[in-house]
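**Q** My questions all concern the structure below.
Here, each number is a calculation from the coordinates, and none is a lab measurement. This is a predicted model, so every value here is computed, not measured. Cβ coordinates were reconstructed from backbone atoms using ideal geometry, including for glycine residues, and neighbour counts include every protein chain displayed.
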Amino acid sequence: MKILVCIKQVPDMESRFRPNGEKTWYDESDLAFRMNEYDEYAVEQAVQLKEQLGGEPEITVLSIGPERTVEAIKKALAMGGDRAVHIRDDRYYQKDPWQIASMIASYAKGEAFDLIFTGMQSQDRGSAQVGVIVAELLGLSCATTLVGFSYDGGTITVKRELEGGIKGVAKLKLPALVTCQLGLNTPRYPTLPNIMKAKKKEIASLTPAELSGEAELTATAAIYPPAKKGGGLVLEGDIGVQVDRLMGILKEKTAVLR
Amino acid sequence: MKALLIGEYRQGKLLDTTYELKAFADRLGADSVMLLVGSDTELPKYAGKLYLADAAKYGEYNPDLHKQLVLQAVEKENPDCIVFVHSSYGWDLAPRVAVALKAGQVSEIVALNEGAYEVNACNAKLRRTVTPRSGRCVLTIQAGAFSPSGEPQGTPQLERLELSGTASAIEFVGYEAAEQKGVDLSKAEVIVSAGRGVGKKDNVPVIAALASALGGELGASRPVVDAGWVDHSHQVGTTGQTVSPKLYVACGISGAIQHLAGMKKADFIVAINKDKDAPIGEIADVLVVADVMQFVPAFTAKCAR
């Protein structure tokens, strides 16, 4: 069995964000990058399936982005990926989901993967499109937003998370692509020996020019901080003063402190 | 401009979010037709043409077949845009339709901005305006972002859709009910919730201590539950519980839309966050800009006095 896991490296979402000079994306300076959280679940599920099948499947990790992306790739390899493909693209953020998915599909087309795992969306762009588009382009069956996954003899059973905590269960035959939701599993922390082993694993490098030359179907016109709706009172400064002021406000405005 | 609106139907019921699609079309100033894979007994109030396919035949969740049904309606109506709710149904189906039409898709629209669509980026810390570059486009709208202005009215003019076959690569097995709630937060007068900003599991008791000092319950955001710091029964938000306490204290919660949807009806909201720009500040009555682990113990001590 051949498995592909598509991952993205994104900034830590606890960061403060500001637009870049062109106002088309965020300024990357001063941001710490890590693997997209949803993709950690995708990597973990692939590795668990490999373990279930006695180590037979080969797991390829794919990521698109600038040089720094290699750090996320190395983490996926240390979690249990076998080999990796880095599509080196410094202008990745100017590409829309259609272009990103077309590059992935163009690479995957010749590889005949049986199963592809992706996160359900990226934490920065959040379009929730790339995985599904890849599946459509490759003619794979596809289910999104997985909080449950099992494999038995060429069929996967997935549990999709629906609104209100309800789940929908469906069966898909391979080849298939699934997108992973938070909470699907417990992503492992790479151990030191596995981090060392990962250093020896192959990371092939490709350029966008070798893949798809699709034109964009949507474009970012501008990026900016959301307009402040006024909001409430902001308390800053000394903790002791903040505590006293909040206490006063709660006594005045709510009935819970008497 | 003409919009094809894709309604939602689950567990034998029309979903109310369907009406938000019409509200969005009205805001666009677009004419609309609607498509629903549903049933005759659960028709939307809608003054227009409704393409109806039978869910008993084509399933409530079968994106392969539903895609073909949408494409059939597109063929008949030649719409400029096809609009879905950004929901477990919509985000699953929309890109399939977009690829088939080679149309650009704009996901989770929260507002209209001079002809462009506004969407969130980076946990709603940034906004992006997106313009389609394809003649026809696929749009998904954030649930709750476009509310109907009045009671929906009208009787749809039905046109039935059928496919020649129902073969599909996906077999829907059934639904699983939500997990039993060990803690009923809906009746709590005070909820103090822990978010990722509390840092680690060992810090959760500090938040629980404030909850108990205020005579309330402990709540939690999704990441904290997924990380196993707090049990799912305490989760507030779209996939957890919807609450409306007299006081809601969000500790280290940045304010993802899914969380806000579960607690924005609280009478009074206090947020404690070290990031002054965190989206939770938009709906908080008071935002305390501080490190949660410094502020909360100090405040709890004051309450206890």
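**Q** Share of antiparallel DSSP beta bridges in chain A, in percent to the nearest 5? Spell out each step's value before the answer.
**A** Details: 17 of 46 bridges.
Among the beta bridges of chain A, antiparallel pairing accounts for roughly 35 percent.
**Q** Still on this structure, please answer the following. Assuming R0 = 25 Å, can you tell me the calculated FRET efficiency for the pair A:ALA219 and A:ASP30, based on Cβ-Cβ distance, to the nearest 0.05? Walk me through the numbers before you get to the answer.
**A** Values: r = 26 Å, r/R0 = 1.05.
After rounding, the FRET efficiency stands at 0.40.
**Q** From the gyration tensor of the Cα coordinates in segment B:185-304, what semi-axes in whole Å does the equivalent ellipsoid have, largest first, with each one equal to sqrt(5λ)? Show your work: numbers first, answer last.
**A** Details: eigenvalues 60, 47, 45 Å².
Semi-axes, largest first: 17, 15, 15 Å.
**Q** Here is a follow-up. Computed over the Cα atoms of segment B:104-234, what is the ratio Rg over Rh, Rh following Kirkwood? Walk me through the numbers before you get to the answer.
**A** Values: Rg = 22.2 Å, Rh = 20.0 Å.
Rg divided by Rh gives 1.11.
**Q** How much length is gained on full extension from A:LYS23 to A:ARG83, taking 0.36 nm per residue of separation minus their Cα-Cα distance?
**A** Working: separation 60, 0.36 × 60 = 21.60 nm, distance 3.59 nm.
Net length gain for the segment: 18.0 nm.
**Q** Provide, for q = 0.14, 0.24 Å⁻¹, the log10 of I(q)/I(0) from a solvent-free Debye sum over equal Cα point scatterers in segment A:195-258.
**A** The calculated log intensity ratios at q = 0.14, 0.24 Å⁻¹ are -0.72, -1.08.
**Q** Suppose every K and R has +1 on its Cβ and every D and E has -1 on its Cβ; what is the size of the dipole of segment B:2-160 about the Cα centre, in Debye to the nearest 20?
**A** Approximately 420 debye in magnitude.
**Q** Calculate the mean, over all residues of peptide B:113-121, of how many other protein chain Cβ atoms lie within 10 angstrom of the residue's Cβ. Write down the numbers at each step before the final one.
**A** Values: counts 2, 1, 1, 4, 2, 4, 5, 3, 14.
Partner-chain Cβ atoms within 10 Å, mean over residues of B:113-121: 4.
**Q** Same structure again: Distance in nm between label sites at B:ASP31 and A:ARG68, each 7 Å beyond Cα in the beta-carbon direction?
**A** 4.9 nm
**Q** Starting from the Kirkwood Rh over alpha-carbon pairs, what translational D in µm² s⁻¹ does segment B:169-253 have by Stokes-Einstein at 4 °C and 1.567 mPa s?
**A** Details: Rh = 13.4 Å.
Answer from the Stokes-Einstein relation: 97 µm²/s.
**Q** Let me ask something else. Can you tell me the FRET efficiency between A:ASP244 and A:GLU14 if r is taken as the Cβ-Cβ distance and R0 is 25 Å, rounded to the nearest 0.05? Provide the component values of the computation, followed by the final result.
**A** Details: r = 28 Å, r/R0 = 1.11.
With R0 = 25 Å, the Cβ-Cβ based efficiency is 0.35.
**Q** Taking 7 Å along the Cα-to-C-beta vector as the label spot, tell me the B:THR131-B:GLN157 distance in nanometres, rounded to one decimal.
**A** Here the answer is 3.5 nm between the modelled labels.
**Q** Using every pair of alpha-carbon atoms in chain B, split the distances into 20 Å bins beginning at 0 and state the percent of pairs per bin, rounded to integers.
**A** All Cα pairs considered, the percentages come to 31, 49, 20, 1.
**Q** Starting from segment A:59-135, pick out the trypsin sites (Lys or Arg not before Pro) whose DSSP state is loop and whose Cβ has at most 16 other Cβ atoms within 10 Å. The partial results should precede the final answer.
**A** On the way: sites: A:ARG68, A:LYS74, A:LYS75, A:ARG83, A:ARG88, A:ARG91, A:LYS95, A:LYS109, A:ARG125; in loops: A:ARG68, A:ARG91, A:LYS95, A:LYS109, A:ARG125.
In loop regions of segment A:59-135 (DSSP not H, G, I, E or B), the sparsely surrounded trypsin sites (Lys or Arg not before Pro) are A:ARG68, A:ARG91, A:LYS109.
**Q** In addition: Modelling each spin label as a point 7 Å along the Cα-to-Cβ direction, I'd like the B:GLU176/A:THR207 distance in nm, to one decimal.
**A** 4.7 nm
**Q** Any idea what the dipole of the protein assembly as shown comes to, in debye rounded to 20, about its Cα centre with Lys/Arg Cβ at +1 and Asp/Glu Cβ at -1?
**A** Details: 63 positive and 69 negative charges, 153 e Å.
Using Cβ point charges on Lys, Arg, Asp and Glu, the protein assembly as shown gives about 740 debye.
**Q** At 0.36 nm per residue, and after removing the present C-alpha to C-alpha distance, how many nm does the segment from A:THR157 to A:GLU51 gain when stretched out fully? Walk me through the numbers before you get to the answer.
**A** Values: separation 106, 0.36 × 106 = 38.16 nm, distance 1.74 nm.
Difference between extended and current length: 36.4 nm.
**Q** Averaged over B:80-91, how many beta carbons belonging to a partner chain fall within 10 Å of each residue's beta carbon?
**A** If you average over the peptide's residues, the count of other-chain Cβ atoms is 3.
**Q** Ok, one more. Mind checking segment B:98-203 for trypsin sites (Lys or Arg not before Pro) that DSSP puts in a loop (not H, G, I, E or B) and that have at most 10 other Cβ atoms within 10 Å? Numbers along the way, then the final one.
**A** Details: sites: B:LYS102, B:LYS125, B:ARG127, B:ARG128, B:ARG133, B:ARG136, B:ARG160, B:LYS181, B:LYS187, B:ARG196, B:LYS200, B:LYS201; in loops: B:LYS102, B:LYS125, B:ARG133, B:ARG136, B:LYS181, B:LYS200.
For trypsin sites (Lys or Arg not before Pro) across segment B:98-203 that sit outside H, G, I, E and B with at most 10 neighbouring Cβ atoms in 10 Å, the list reads B:LYS200.
**Q** Compute the semi-axes of the equivalent ellipsoid of the protein assembly as shown, taking the square root of 5 times each eigenvalue of the Cα gyration tensor, and list them largest first in whole Å.
**A** On the way: eigenvalues 269, 188, 107 Å².
Result for the protein assembly as shown: semi-axes of 37, 31, 23 Å.
**Q** Using +1 at the C-beta of Lys and Arg and -1 at the C-beta of Asp and Glu, which of B:TRP229, B:ILE141, B:THR166 has the Cα lying farthest in the positive direction of the dipole of segment B:132-244?
**A** B:ILE141
**Q** For the peptides B:244-250, A:208-214, A:61-67, what is the packing order when you average, over each peptide's residues, the other Cβ atoms within 10 Å and list the highest mean first? Walk me through the intermediate numbers first.
**A** Details: B:244-250: 24.7, A:208-214: 15.0, A:61-67: 22.1.
Sorting B:244-250, A:208-214, A:61-67 by mean packing, highest first, produces B:244-250, A:61-67, A:208-214.
**Q** Taking each residue of A:131-140 in turn, how many C-beta atoms of other protein chains fall within 10 Å of its C-beta, and what is the average? Each step should come with its number before you reach the end.
**A** Working: counts 1, 10, 5, 2, 4, 8, 1, 0, 1, 1.
Taking all residues of A:131-140 together, the mean is 3.
**Q** Separation of segment B:85-105 and segment B:52-73 by C-alpha centroid, Å?
**A** 14 Å
**Q** Relative to the Cα centre, what is the charge dipole magnitude of chain B, using +1 at the beta carbon of each Lys and Arg, -1 at the beta carbon of each Asp and Glu, and rounding to the nearest 20 debye? Mind dumping the intermediate values first?
**A** On the way: 31 positive and 35 negative charges, 146 e Å.
Using only the charged Cβ atoms, the result is roughly 700 debye.
**Q** Greater than 22 Å separation of Cα atoms is the criterion. Which listed pairs, B:LYS125/B:LYS276; B:LYS13/B:LYS45; B:LYS13/B:LYS57; B:LYS22/B:LYS67; A:LYS23/B:LYS274; A:LYS251/B:LYS246, meet it?
**A** Violating the 22 Å Cα-Cα cut-off are A:LYS23/B:LYS274.
**Q** Can you give the percent of C-alpha pairs in segment A:2-210 whose distance is more than 32 Å?
**A** Working: 2787 of 21736 pairs.
Every Cα pair in segment A:2-210 considered, those over 32 Å come to 13 percent.
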